[in-house]
Amino acid sequence: MKDLTSSVYNFEDLINGQYLYVDKTEYIWKLIRPYKGIYFMSRPRRFGKSLTVSTLKAIFQGKKDLFKGLAIHGKEYDWKEYPVIHLDMANCNAKNAVELEDFIFDMISGLADHFGVEIRGLSNATRFEFLIRDVVSAAGAPAVI
């Protein structure tokens, strides 16, 4: 029997760690196929947003092997790899606006390093805009944010 956990929020870690996963990929597949625009996910704390976003990330990174035995694995989906810009605020402990700006600055810098792009601009908004533009240009594919 698989172990039950409430402290793993990363889909890949959950699957590779042999933890119990309640398959919600049928619903995720309905969200992503066919694409109908922008989705905003709002749910209360501790209701699975991080795990759902992590699952979406694995799907859009084309990691089909992680989904063996799950509903989406047998669905009609191309499993094309897209660049995924994941803005993870889970470790943000900012106590004021300046600390939040610094956290976002560092997060954008880390994403730029990850994707191998050099970003310009002073404001976080400008830097994020360049990050998206340069990642899309380098990948030749739309980015998933």
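The set of residues in segment 125-145 being over 26 Å from Val98 (Cα atoms) and either in a loop (DSSP other than H, G, I, E, B) or in contact with a Lys or Arg (Cβ under 8 Å, 6 or more places away or on another chain) (or both) consists of Gly140, Ala141, Pro142, Ala143, Val144. Working only within segment 60-104, note down all residues that are in contact with a strand residue (DSSP E or B) (Cβ under 9 Å, 6 or more places away or on another chain) and either aliphatic (A, V, I, L, M) or at positive phi (or both). Scanning segment 60-104 gives Val84, Ile85.
Taking the criterion of being surrounded by 10 or more Cβ atoms within 10 Å (Cβ to Cβ) and modelled with pLDDT under 85, the residues of segment 3-39 that qualify are Thr5, Val8, Arg33.
Among the residues of segment 117-124, is any among the aliphatic types (A, V, I, L, M), outside any loop (DSSP other than H, G, I, E, B), loosely packed, with under 13 Cβ neighbours inside 10 Å and over 19 Å from the mean Cα position of the chain (by Cα)? Scanning segment 117-124, I find no residue that is among the aliphatic types (A, V, I, L, M), outside any loop (DSSP other than H, G, I, E, B), loosely packed, with under 13 Cβ neighbours inside 10 Å and over 19 Å from the mean Cα position of the chain (by Cα), so the answer is no. Looking across segment 47-80, the residues that are under 17 Å from the mean Cα position of the chain (by Cα) and part of a loop (DSSP other than H, G, I, E, B) come down to Phe47, Gly48, Gln61, Gly62, Lys63, Trp79, Lys80.
Ser42 versus (1) over 23 Å from Gly110 (Cβ atoms); (2) surrounded by 10 or more Cβ atoms within 10 Å (Cβ to Cβ); (3) among the small types (Gly, Ala, Ser); (4) free of Cβ contacts under 8 Å to residues at least 12 places away in the same chain: which is the lone unmet condition? The one condition Ser42 does not meet is (2).
The values are calculated or read from the model by the stated rules, or taken from the named source; none is laboratory data. Here the structure is a predicted model, which is why all the values come from computation and not from measurement. Every residue, glycine as well, gets a Cβ built from its backbone with ideal geometry; the counts of neighbours run over all protein chains shown.
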